[in-house]
Amino acid sequence: MSVQIKTPEEIEKMRAAGRLAREVLEMIGDYVKPGVTTGELDRICHEYITSREAVPAPLNYRGFPKSICTSVNQVICHGIPNDQKTLKNGDILNIDVTVIKDGYHGDTSKMYVAGQAKPPAERLIRVTQECLYRGIEIVRPGTRLGDIGHVIQQHAESNHYSIVREYCGHGIGKVFHEEPQVMHFGKPGTGLELREGMTFTIEPMVNQGKRHSKVLPDGWTVVTKDRKLSAQWEHTILVTADGYEVLTLRDEEDFR
Ligand code: MF3
Ligand code: CO
Ligand code: CO
């Protein structure tokens, strides 16, 4: 299967899915504070999503046991919510929400801080969001995937951070993870050329230390090998005739 071009009807459904996914991220922010467990955050999101006639895509996806991913501190991605550990002051956390609404997926994540962040963590979070934005800003018909990977990698590495290579963004629609794979590193002028009507995610994972990752024995939780911090931000993007539309854009973002 090659990369799909969505019809106007499909795009309308992708907008609705994207809107719901970003609403979950907006809603859950107030609950992220020292003392809460990621299990509690999972239950709140699950209830919100299912009460809006949608399905949390991660639940039972290839055996994933929960409705959202919660990745704390050195966890890069795919952290499993649990009731054992409470967040403590200064913990940084990515919450990754994917919903299925009317058959279509919306996938987005953002970074939160429990209490007060330390300056180095704050800086990692900010630069990682800038990496996402730099990738998004060049999306238009004719841009190539290598161009996106390149600007993201450039920004991370010029700030002395590293890009995780084992996980990437992805096409999205009726299927959660479809073609193409959207790498967060690469060479300008290489890779697939974008066309109007494509929908995909950009979701850079940026490490404070070295880029290497490993999966914990639970089979899901991906951590930095050096146990330094990692951050991630994700949006679902539509390629329009003259640029892009961020389908999961939140009200707090002063970005088109
Ligand atoms: N939402 C993740 C992504 O951005 C995928 C999570 S898969 C899960 O692609 F099974 F871990 F939930
Ligand atoms: Co994704
Ligand atoms: Co996601």
Can you find a residue in segment 122-131 that is touching a residue at least 12 places away in the same chain (Cβ under 8 Å), open to solvent by 50 Å² or more (accessible area, probe 1.4 Å) and touching a Gly at 6+ places or on another chain (Cβ under 6 Å)?
no
Taking into account only those residues within segment 14-49 that are in a helix (DSSP H, G or I) and touching a Lys or Arg at 6+ places or on another chain (Cβ under 7 Å), which is nearest to Ile172 (Cα to Cα)?
Met14
Yes or no: segment 214-235 includes at least one residue that is within 15 Å of the chain's Cα centre (by Cα), surrounded by fewer than 17 Cβ atoms within 10 Å (Cβ to Cβ) and either under 21 Å from Asp96 (Cα atoms) or within 13 Å of ligand 1 (Cβ to nearest atom) (or both).
no
Name the residue that is nearest to ligand 1 (Cβ to nearest atom), counting only residues in segment 71-92 that are open to solvent by less than 10 Å² (accessible area, probe 1.4 Å) and either under 12 Å from the mean Cα position of the chain (by Cα) or modelled with pLDDT under 95 (or both).
Cys77
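In contact (Cβ under 8 Å) with a residue 12 or more places away in the chain and surrounded by 20 or more Cβ atoms within 10 Å (Cβ to Cβ): is that true of Asp102 in this structure? Write out each step before concluding.
Working: in contact (Cβ under 8 Å) with a residue 12 or more places away in the chain: yes; surrounded by 20 or more Cβ atoms within 10 Å (Cβ to Cβ): no.
Spelling it out, it is not the case that Asp102 is in contact (Cβ under 8 Å) with a residue 12 or more places away in the chain and surrounded by 20 or more Cβ atoms within 10 Å (Cβ to Cβ).
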Give me the pairs, please: first residue somewhere in segment 133-154 and touching a residue at least 12 places away in the same chain (Cβ under 8 Å), second residue anywhere and among the small types (Gly, Ala, Ser) and in a loop (DSSP other than H, G, I, E, B), beta-carbon distance under 6 Å, and either six or more positions apart or on two chains.
Arg140/Gly243; Arg144/Gly191; Leu145/Gly191; Gly146/Gly186; Gly146/Gly191; Gly149/Gly186; His150/Gly186
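State which residue is most open to solvent (accessible area, probe 1.4 Å) when the search covers only segment 155-195 and only residues that are among the acidic types (Asp, Glu) and more than 15 Å from ligand 1 (Cβ to nearest atom).
Residues of segment 155-195 among the acidic types (Asp, Glu): 157, 166, 178-179, 193.
In the following step, the residues that additionally are more than 15 Å from ligand 1 (Cβ to nearest atom) were identified as 157, 193.
Details: Glu157: 83, Glu193: 104 Å².
The extreme case among them is Glu193.
Quick one: how many residues across segment 1-14 are out of contact with any Leu (no Cβ under 6 Å at 6 or more places or on another chain) and open to solvent by less than 70 Å² (accessible area, probe 1.4 Å)? Walk me through how you get there before you give the answer.
Taking segment 1-14 first, the residues out of contact with any Leu (no Cβ under 6 Å at 6 or more places or on another chain) are 1-13.
Filter once more, keeping what is open to solvent by less than 70 Å² (accessible area, probe 1.4 Å): 3-7, 10-11.
Residues flagged as out of contact with any Leu (no Cβ under 6 Å at 6 or more places or on another chain) and open to solvent by less than 70 Å² (accessible area, probe 1.4 Å) within segment 1-14 amount to 7.
Output yes when any residue across segment 196-211 is under 30 Å from Ala16 (Cα atoms) and surrounded by fewer than 19 Cβ atoms within 10 Å (Cβ to Cβ), and no when none is.
yes
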Which condition from (1) in contact with a helix residue (DSSP H, G or I) (Cβ under 7 Å, 6 or more places away or on another chain); (2) β-branched (Val, Ile, Thr); (3) open to solvent by 10 Å² or more (accessible area, probe 1.4 Å); (4) within 16 Å of ligand 1 (Cβ to nearest atom) is the one that Ile95 breaks?
(3)
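In segment 236-250, which residue that is of a type in the set (S, T, N, Q) and buried (at least 24 other Cβ atoms within 10 Å of the Cβ) is nearest to ligand 2 (Cβ to nearest atom)? If you could, list the steps in order and put the result at the bottom.
Start the filter on segment 236-250 by keeping residues that are of a type in the set (S, T, N, Q), which leaves 236, 240, 248.
So of that shortlist, the ones also buried (at least 24 other Cβ atoms within 10 Å of the Cβ) come out as 236, 248.
Numbers: Thr236: 8, Thr248: 10 Å.
Per the stated criteria, the residue is Thr236.
The values are calculated or read from the model by the stated rules, or taken from the named source; none is laboratory data. Here the structure is a predicted model, which means the values were calculated and not measured. Don't worry about glycine lacking a Cβ; one is built from the backbone with ideal geometry, like all the others, and counts go over all protein chains shown. Heavy atoms of the whole protein, side chains included, go into the accessibility calculation; ligands, DNA and RNA do not. Shrake-Rupley method; radii C 1.70, N 1.55, O 1.52, S 1.80 Å.
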